[in-house]
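Below you'll find the structure, written out as structure tokens, and then a few comments.
The values are calculated or read from the model by the stated rules, or taken from the named source; none is laboratory data. All values derive from a computational prediction rather than experimental measurement. Neighbour counts run over all protein chains shown; Cβ positions are idealised from the backbone, glycine included. Accessible surface is based on the protein model in full, side chains and every heavy atom, while ligands, DNA and RNA are left aside. Shrake-Rupley method; radii C 1.70, N 1.55, O 1.52, S 1.80 Å.
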Amino acid sequence: MNLLVTGGAGFIGSHLCRRLLKNGHYVTAVDNFDPFYPRAIKEEGIEDFPRERFTLIETDICNMEGLLQALHARDVDAIVHLAARAGVRPSIEAPMAYEETNVGGTQSMLEVARELGIDTFIYGSSSSVYGNNDKVPFAEDDPVRHPISPYAATKRSGELLAHTFHHLYDMTVHCLRFFTVYGPRQRPDLAIHKFARQLLSDQPITMYGDGTSSRDYTYVDDIVDGIVRSLRRAKNQDEPEYEIINLGGSETTQLKDLITGIAEAMDIAPEIKQLPEQPGDVERTYADITKGRELLGYDPDTSIEEGLQKFADWVKAYYTDRAVLDV
Ligand code: NAD
């Protein structure tokens, strides 16, 4: 197939592109190398891709006209839309920028799909849409009316916009709600990567709250597996469908145990500095993945210990000759 991956140079996007290329597909990535974190990490992820089957279009997803021109002859079979401003806390500082990229950019990509007759749209949504859901685990039909950060609200908006395109233009849309993803080249703003850099530079680990908040951490290979399965299902439907599907690890880890786990994987004793809870952060996430198992055969199998070890091995190698804290 000919696949278009927005955010293809990013953390999840680059892992996805690698898998798609390995599976023999042609891949076009759209990415503007947003300066939220260094370009070098993104380039490391895509530098060895086979140029005869991989094309990078360096532009903003809001540049609809430019994208239509660049893509009209490419005969794209499906779009996996992962480009976004990611991150909860920065969205509180810059809500307008988040709205522009995550809402405007998603609208733009849906229009690109419609204009080019692309009938399959896989959208990278987020567990943050559940807000402070009381009920665990979080299931796809739980109400998602109370997001608690601008980021979460924009991700939910993307799901709604995509639904209108499914309804009006018969697109098959899957909204995949990712639960905290980690692994090599993870975004530096995310807790595991931040803790690793603090450990490497003998700084105390900054723990927000008392360490009992918990997350459903999902190893990036498991997420990629879920996206590939979603693509496969979407392209094999006789009738267009709209589905929201959780992709999580389906196990939760408390923050204090995560700190112990990453410190053990890195073999560095942690010093912990406790700070107040951050506004916008949810208390816990926990995915009910029954639907993903049933519809996709999704079956995440990387334990947190195994995943943290793989991450620690990458992070130690990556920062051997780089400044650790300037990221
Ligand atoms: P990332 O920041 O590594 O990847 C996003 C990519 O999009 C980056 O390479 C960035 O340069 C690009 N981008 C940003 N704005 C753009 C624009 N206007 N035009 C073109 N490209 C642009 O983040 P990630 O962690 O890989 O996240 C990928 C997707 O998954 C995002 O949609 C995010 O909301 C979603 N998600 C991630 C997680 C997680 O834990 N990592 C959890 C839930 C949802």
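Some values worked out for this structure:
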read-out: Size of charge dipole - region 214-327 - debye, nearest 20, with Cβ of Lys, Arg +1 and Asp, Glu -1, no other charges; value: 200
read-out: Full-stretch length increase - HIS146, ASN23 - with 0.36 nm per residue and alpha-carbon distance subtracted; value: 40.4 nm
read-out: Region 147-289: C-alpha pair distances exceeding 18 Å, %; value: 64
read-out: Residues of region 125-156 with amide N under 20 Å of a point placed 7 Å along Cα→Cβ from ARG232; value: none
read-out: FRET efficiency, GLN203 to LEU160 (Cβ-Cβ, R0 35 Å, nearest 0.05); value: 0.25
read-out: Distant-in-sequence amide H partners of MET207 (H built 1.01 Å from N, under 5 Å); value: LYS273, GLN274, LEU275
read-out: Over region 58-179 - Rg/Rh using Cα atoms and the Kirkwood inverse-distance radius; value: 0.99
read-out: Chain lengthening between ARG74 and GLU47 when straightened (0.36 nm per residue, less Cα-Cα); value: 7.5 nm
read-out: Selection of trypsin sites (Lys or Arg not before Pro), region 83-163, meeting DSSP coil and at most 11 other Cβ within 10 Å; value: LYS135, ARG145
read-out: Most positive-pole-ward Cα, GLY261, PRO50, GLY24, against dipole of the chain from beta carbon charges; value: PRO50
read-out: 1.4 Å probe accessible area per residue over region 166-295, in Å²; value: 42
read-out: Within the accessible area of the chain (1.4 Å probe), percent carbon and sulfur; value: 46
read-out: Gain on full stretching of the segment that runs from ASP170 to ILE268 - 0.36 nm per residue minus C-alpha separation; value: 30.0 nm
